[in-house]
Amino acid sequence: MFSLSVSDIQTGVTLSDKTSVIQALAAWLQQDGHVATGYGDDMLAREMQTSTYLGQGVAIPHGTQNGRRLIKRTGIKVMQLPQGVPWGNGHTAYLVLAIAADSDAHLALLQQLARRLLQGGLLEHIMTCRDPAAVLALLQVQSEPAPAARCQLTPAHIALQVNAGSLSELVTQACDLLGLEGRAKSALQQSSPLHIGQGWWLCQTQGATPGAALLTLNTGPDTELASMVGLLALQVSDLEHKALLDQLSRWLAAGKGAELAGEPSAEALLAALEQGPEQRPPYYEKTLQVYNEHGLHARPSAMLVHTAKSFTAEIQVRNLTLDGPWVSAKNLMQMITLGASAGHELLFRATGADGEQALAALAQSMNDNLGESSPVPQRDPEPTDPAAGSSQIPANMSISGVTASYGLAIGPLFVDVPLEFDYPTQASDATVELQALSQALARARSELAATQQRIKDPQAKELMAMHRELLADASLTSGVQCRIQRGQSAANAWWSEIDTLTRQQAANKDVLLADRAMDIRDVGHRVMALLCHRQPVQPPSHPYIWVAREISPSQLVNLDISQLLGWVSVGGGASSHSAILAAALGIPALVAVDEAVMAVPSGTTAILDGATATLCLAPDATLLAQARGWQQQEQQARAKAWEQRQQAAITLDGHAIEVAANVANTEEAADAVEVGADGIGLLRTEFAFMARRQLPEVDEQQTMYQAALDALAERPLVVRTLDIGGDKPLLYYPMAAEDNPALGVRGVRLCRQQPEWLANQFRALLLAAGTRPLHILLPMITDISEWRWAKELFDSIQADIQADIQAPSVKLGIMVEVPAVALNAEVFAAEVDFFSIGTNDLAQYALAADRGNSALAALADGLNPAILKLIRMTVSAAHQQGKWVGLCGELAADPVALPLLLGLGLDELSVGLKQVAMVKSHVRQWRFSDCRQLAEQALMATDATAVRTLVMQAQNNSAVTDSRE
Ligand code: PEP
Ligand code: MG
């Protein structure tokens, strides 16, 4: 068996980024003869697929399936980094274990590590450890603390369906389970059992060591015990059995004593006791065998966890072969503790409405080797229908839309058709209906609480909290109860109330309150699905392309992106805020696709191509093979871009441009560095304000900005001041409804009404900056008087701040997103420090096309020559005055726009985190001289389509990018 020694551990290492740590560990593994050259790159490729961060400051980088050929013999090397290294997704690793495993020899060690992590309390010790022996000691599993002094019922103390001819025989069996002997045994035997209801009996004796045993019966009708279903036997000294008795009595009070006694296993019975009768959902079990050659190491375990997480059922699993304990199938660390090798049998248990489907999906994944290629011969594959869903669709049928995120996805569609409910309008028993209502509400509350717990995004958490508050609204429930008392069914009563409330809310004059109608309907649907026993159709557990009419708030929040290949929506525009959010996930996406797509059967194979903005349905074998070829080229291009992400973006003929990141919160600053951004080109601060219940104080804001500046380590940070209004409301500042909110009181216009907001933001930013390079950006400036007002306020705050902490390198600039500013750019350029062009709004305002309206999505194209002219005017005015100009709209990530933006002379492009590496790589494929020529031609083109054709022809002629020919 493989074990770790002190010579495999280095402490006190100082390295600044994940790549250097992984490469250093790879070099060490190579030096000790475990791996060949290239293993470091392979581990980095693995990180691109899934992060190997385990928890509590520990990461376990390892290679890919393909990289296995580079492993000579199993080895693990450990580095302790007291200052920590960003490991992506906001995690910091302090202990990194690089694994090179050519067999399952390391599984036991991994299992031990996972167990140790589950014990908790590791992080602070890891950070302060001084020598390798101390690290080694830390990784050992600590002995369990002594059990609390109370009656603990464990599976070993439960016997199900026992046979007994008499009560005294049954009590004797209970004594054996409790391990009682001598006087203690005879004391229990002589006690008088008490009938506590519904065939359940209780017997108890005094004893210093508390203990409990539970037996259910399998007795014939003729025995003395015919009416008995279960016995609880106790040895107690005081009230140690109170909690256990409470659990049992809840089942009896609900009249479900017999149901409890019928639980199929000791574990199920324990879980039922724990959950109580109200919460007890249906329950399923399945035994599955591990076929993977090297057992369930981290990679296949992660696959199983992904599958398990796509279902709402509670899923637990135990290793039957090793007779191990139950663990959660949704927790990677716990899964690793199974120590499952090839051939082991695992028992899965799923509790919940979709439990059966969950087990079928897990079985399918296990049968498919969990994504690994090792062959396992004698297995019956689950029946599949290769032509599922595609029989009605003519081959190669193409539907077009508007690209919201570039890339190519190939896979089956999941068409998310909204649920329809079927229910009786009247009901005869109001008590039953009221009970159904309260159960559905309780279940909905716990679902929301679980989601709120799971998600990280503060804005999404706030949304879930608000949905819970809506559910708890007493006036809503009393309205529903009244209707039920008058004879309506629970479903009818609930929906009638929700419908009325939604209409009232939508008619509200206050826009913000009117917007809440969508949330009420969303919550209403959740409860309706429970009342009508309609399980919202779950996305498949295999990779898929998601098709939806609209993206509702809770859909975005609940989305498990692990299986999402791409998405397509009927509504929305390419620069609507929901599209920006989804594009930030880095998944190919189309919006404004024809409604007909909703009628396509789920399961139909499709090719989603962001480059041509098309969804090709039921592609034939030739097209599919061609698309796979493109996809492979694209993946290779991405991998190369990722490798070179920390290098500067310089064209073939030596012209450099900064590529920065757009972020929505300061925690993403570390991620910006990790993805290779040269800085942050746009921090949209309004999202941090929207996620709170009240305006953050100056010191809270200062800490926030300071954290971003620290993470960026002298790289530039552009912070945009509040852009509230339009489609970005502030919950705690209700605004009057406007006929045209996009043309209304928004951004700096609102701040002029609330000068203290802007003053506090300036103060916090200046205090946070010190001598570091900070750019402050004002949104929605239209008129020079707005700029002068803000500048005066800024100067007065700067003057207010003590001279010794004034921030000399802070620059103040404006967004160019209103066409008037571009047309007047010389006037502004003389006074501002810099410009950042917001093409999302610039296109909306210049082309008079609402950026969120799907019907106008194609019209609102930033490549319209009119927009290019506005960009050119802005750049030349800025450069004449020696000022810097960046561009932070979605156009910056469009590969077709890129050569034109280079040619127009922008100093910086700021794009989503996921796009940084690719944009840098694209810059390296162009010649600046060609870009300038192309930009000149584009400025003279007739429309956006002509501009796109022009660039694509140039691309094909010079074969600059990842050619698809
Ligand atoms: C823009 O308008 O282009 C921009 C970057 O700002 P936002 O998308 O936040 O309105
Ligand atoms: Mg804008």
Completion exercise
From the option list Arg684, Arg720, Arg746, single residue qualifying as open to solvent by less than 30 Å² (accessible area, probe 1.4 Å) and either at pLDDT 95 or above or of a type in the set (S, T, N, Q) (or both) is Arg720
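Rundown of residues vs (1) within 12 Å of Trp87 (Cα to Cα); (2) not in a helix (DSSP H, G or I), yes/no style:
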position	(1), (2)
Ser3	no, yes
Ser7	no, no
Thr14	no, yes
Ile22	yes, no
Trp28	no, no
Met43	no, no
Met48	yes, no
Exercise for the section: Write out, first by first residue and then by second, each pair whose Cβ atoms fall under 6 Å of each other, whose residues are 6+ apart or on separate chains, and whose first residue, in the stretch 661-681, is more than 14 Å from Arg720 (Cβ to Cβ) and away from ligand 1 (no atom under 16 Å from the Cβ) while the second is assigned to a helix (DSSP H, G or I) and open to solvent by 20 Å² or more (accessible area, probe 1.4 Å). Expected result: Ala669/Ala711; Ala670/Ala711; Asp671/Leu913; Val675/Leu913
Exercise for the section: May I ask you to list the residues in the stretch 814-837 that are within 12 Å of ligand 1 (Cβ to nearest atom) and of a type in the set (D, E, K, R)? Expected result: Glu817
Exercise for the section: Output the number of residues of the stretch 902-958 satisfying the condition of being in contact with a strand residue (DSSP E or B) (Cβ under 8 Å, 6 or more places away or on another chain) and open to solvent by 30 Å² or more (accessible area, probe 1.4 Å). Expected result: 3
Exercise for the section: Scan the stretch 857-875 for residues that are away from ligand 1 (no atom under 16 Å from the Cβ) and either open to solvent by less than 60 Å² (accessible area, probe 1.4 Å) or in a loop (DSSP other than H, G, I, E, B) (or both) and report the count. Expected result: 3
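Conditions tested, residue by residue: (1) more than 16 Å from ligand 2 (Cβ to nearest atom); (2) among the aromatic types (Phe, Trp, Tyr); (3) over 19 Å from Val698 (Cα atoms).
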residue	(1), (2), (3)
Ala764	yes, no, no
Leu774	yes, no, no
Gln802	yes, no, no
Lys811	yes, no, yes
Val816	no, no, yes
Leu823	yes, no, yes
Val827	yes, no, yes
Val832	yes, no, yes
Ala855	yes, no, yes
Problem - Pairs with Cβ under 6 Å, 6+ apart, first in the stretch 888-902 and within 16 Å of ligand 2 (Cβ to nearest atom), second of a type in the set (A, V, I, L, M) and in a loop (DSSP other than H, G, I, E, B) - result: Leu891/Ala897
Exercise for the section: Mind telling me which of the residues Gly882, Gly886, Gly912, Gly852 ends up being under 30 Å from Ile776 (Cβ atoms) and away from ligand 1 (no atom under 16 Å from the Cβ)? Expected result: Gly882
Exercise for the section: Considering only the stretch 691-714, state which residues are assigned to a helix (DSSP H, G or I), within 15 Å of Leu758 (Cα to Cα) and of a type in the set (A, V, I, L, M, F, W, C). Expected result: Val698
Handout entry: When residues of the stretch 2-28 are limited to those that are under 25 Å from Met303 (Cβ atoms) and not β-branched (Val, Ile, Thr), the one surrounded by the fewest Cβ atoms within 10 Å (Cβ to Cβ)
Key = Phe2
Exercise for the section: Output the residues belonging to the stretch 876-890 that are crowded, with 24+ Cβ neighbours inside 10 Å, part of a helix (DSSP H, G or I) and modelled with pLDDT of 95 or more. Expected result: Ala878
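Quick check: is even one residue across the stretch 806-813 within 16 Å of ligand 1 (Cβ to nearest atom), buried (at least 21 other Cβ atoms within 10 Å of the Cβ) and either of a type outside the set (Phe, Trp, Tyr) or part of a helix (DSSP H, G or I) (or both)?
yes
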Handout entry: Within the stretch 826-843, considering residues that are part of a helix (DSSP H, G or I) and out of contact with any Leu (no Cβ under 9 Å at 6 or more places or on another chain), the one modelled with the lowest pLDDT
Key = Asp841
Exercise for the section: Assess whether Ala737 counts as being farther than 24 Å from Leu913 by Cα and within 16 Å of ligand 1 (Cβ to nearest atom). Expected result: no
Problem - Selected residue (criterion: nearest to ligand 2 (Cβ to nearest atom)) from residues of the stretch 723-750 that are part of a loop (DSSP other than H, G, I, E, B) and within 26 Å of the chain's Cα centre (by Cα) - result: Asp723
Handout entry: Index of the failed condition, Leu118 passing every other in (1) within 25 Å of the chain's Cα centre (by Cα); (2) at pLDDT 70 or above; (3) open to solvent by 10 Å² or more (accessible area, probe 1.4 Å)
Key = (2)
Practice task
For residues that are part of a helix (DSSP H, G or I), open to solvent by 30 Å² or more (accessible area, probe 1.4 Å) and not aliphatic (A, V, I, L, M), tally how many sit in the stretch 751-775.
Solution key: 6
Handout entry: Residue check for Ile60: modelled with pLDDT of 75 or more, of a type in the set (A, V, I, L, M) and in contact with an Asp or Glu (Cβ under 7 Å, 6 or more places away or on another chain)
Key = no
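For Thr685, state whether it is hydroxyl-bearing (Ser, Thr, Tyr) and more than 16 Å from ligand 1 (Cβ to nearest atom).
Details: hydroxyl-bearing (Ser, Thr, Tyr): yes; more than 16 Å from ligand 1 (Cβ to nearest atom): no.
Spelling it out, it is not the case that Thr685 is hydroxyl-bearing (Ser, Thr, Tyr) and more than 16 Å from ligand 1 (Cβ to nearest atom).
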Exercise for the section: Sort out which residues of the stretch 476-489 are over 34 Å from the mean Cα position of the chain (by Cα) and assigned to a helix (DSSP H, G or I), and write them in order of number. Expected result: Ser478, Gly479, Val480, Gln481, Cys482, Arg483, Ile484, Gln485
Completion exercise
If you go through Leu245, Leu288, the only one that is open to solvent by 10 Å² or more (accessible area, probe 1.4 Å), in contact with a strand residue (DSSP E or B) (Cβ under 7 Å, 6 or more places away or on another chain) and not polar (S, T, N, Q) is Leu288
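The values are calculated or read from the model by the stated rules, or taken from the named source; none is laboratory data. Note that the structure is a prediction, hence the values are computed from the model and not measured. Heads up, the Cβs are rebuilt from the backbone with ideal geometry, glycines too, and the neighbour counts pull from every protein chain shown. We work out accessible area using only protein heavy atoms, side chains counted, and drop any ligands, DNA or RNA first. Shrake-Rupley method; radii C 1.70, N 1.55, O 1.52, S 1.80 Å.
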